[in-house]
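S.K.: After the structure tokens below, expect a handful of questions from me.
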Amino acid sequence: DYVKAEVNGENWIMSKDAVIKFKEQKKKIKVIEEFKGSKLIGKNCKVPLSDRIVPILPAEFVDPKNATGIVMSVPSHAPYDWLGLIDLKKNPSILKKFNIPLEVVENIKPISLIETPGLSEHPGIEFVEKLKVKDQNDPKAEEATKLVYKKEFHQGVLKENTGKYAGIPVRDIKEKLTKDLINLGVADVLWETADKVICRCNTQCI
């Protein structure tokens, strides 16, 4: 379940679960419309920093209870994202259900953004193949993700195609990039627990 909501005078799209979190974190938020997430699939959206137009695709690993319930796909560096694409290619009936031509998925080429000693240009793909991960529901996908992220965080450096961020170590980029995106007016902060936290009263903490 997703919503279109007015937040501080702007229209935002997010999961229904995210609305409660934003309200608890002192955002003025008014739900305009509720709809199923499937309504978004097959549409396009614009990447804020590059102005590239990208398709919105389905993926089983996306959790509407996590953050805003919308995930930016980075198949070059994220095993789950690469597996999501592979699974769509293997199951064209899913694409047909949403009227997405197969060539939309076939034309997506991974973009490498991080250079890490000892890793290939596309480590997300490398570790999927190395660990023989079957699909996005395979538990080994989580293992592949941890291996890639750990190595990139400690040793990775942003490539030339990241513009003014080129040469910055991955471990230093998050704070700077977050600040820049907020200053540009294309991002905001949502605090989220790293794992599920249950209160003694048996309700979930947010």
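S.K.: Provide a single number: the residues in the stretch 28-55 that are surrounded by 16 or more Cβ atoms within 10 Å (Cβ to Cβ) and part of a loop (DSSP other than H, G, I, E, B).
M.R.: 3
S.K.: Pull out all pairs, ordered by first then second residue, where Cβ-Cβ is under 6 Å, the residues are six or more apart or on different chains, the first lies in the stretch 90-107 and is under 15 Å from L40 (Cβ atoms), and the second is of a type outside the set (D, E, K, R) and assigned to a loop (DSSP other than H, G, I, E, B).
M.R.: These pairs meet every condition: F98/I41; F98/G42; N99/G42; I100/G42.
S.K.: Within the stretch 147-159, identify whether any single residue is at positive phi and not aliphatic (A, V, I, L, M), and answer yes or no.
M.R.: Filtering the stretch 147-159 for residues at positive phi gives none.
The answer is no, given that none of the residues of the stretch 147-159 is at positive phi and not aliphatic (A, V, I, L, M).
S.K.: Ok, one more. Could you pull out the residue among F61, F22 that is outside any strand (DSSP E or B), over 18 Å from V186 (Cβ atoms) and of a type in the set (F, W, Y)? Give the steps one after another, and end with the answer.
M.R.: Details: F22 fails: over 18 Å from V186 (Cβ atoms).
Going through F61, F22 in turn, the sole match is F61.
S.K.: Continuing with this model, one more query. Report every pair of residues separated by at least 6 positions or lying on different chains whose Cβ atoms are under 6 Å apart, first residue within the stretch 173-185 and closer than 15 Å to V157 by Cα and touching a residue at least 24 places away in the same chain (Cβ under 8 Å), second among the polar types (S, T, N, Q) and open to solvent by 60 Å² or more (accessible area, probe 1.4 Å).
M.R.: Cβ pairs passing all conditions: none.
S.K.: If you don't mind, another one. Across the stretch 96-106, what is the number of residues that are under 16 Å from G37 (Cβ atoms) and part of a helix (DSSP H, G or I)?
M.R.: Of the residues in that region, 1 qualify.
S.K.: Restricting attention to the stretch 1-10, which residues are modelled with pLDDT under 95 and either surrounded by 12 or more Cβ atoms within 10 Å (Cβ to Cβ) or in a strand (DSSP E or B) (or both)?
M.R.: Our first condition is that a residue be modelled with pLDDT under 95; within the stretch 1-10, this holds for 7-10.
Those that are modelled with pLDDT under 95 and either surrounded by 12 or more Cβ atoms within 10 Å (Cβ to Cβ) or in a strand (DSSP E or B) (or both): V7, E10.
The values are calculated or read from the model by the stated rules, or taken from the named source; none is laboratory data. This is a predicted model, so every value here is computed, not measured. Note: ideal-geometry Cβ built from the backbone for every residue, glycine included; neighbour counts use all protein chains shown. The accessibility values were calculated without ligands, DNA or RNA, using every heavy atom of the protein model including side chains. Shrake-Rupley method; radii C 1.70, N 1.55, O 1.52, S 1.80 Å.
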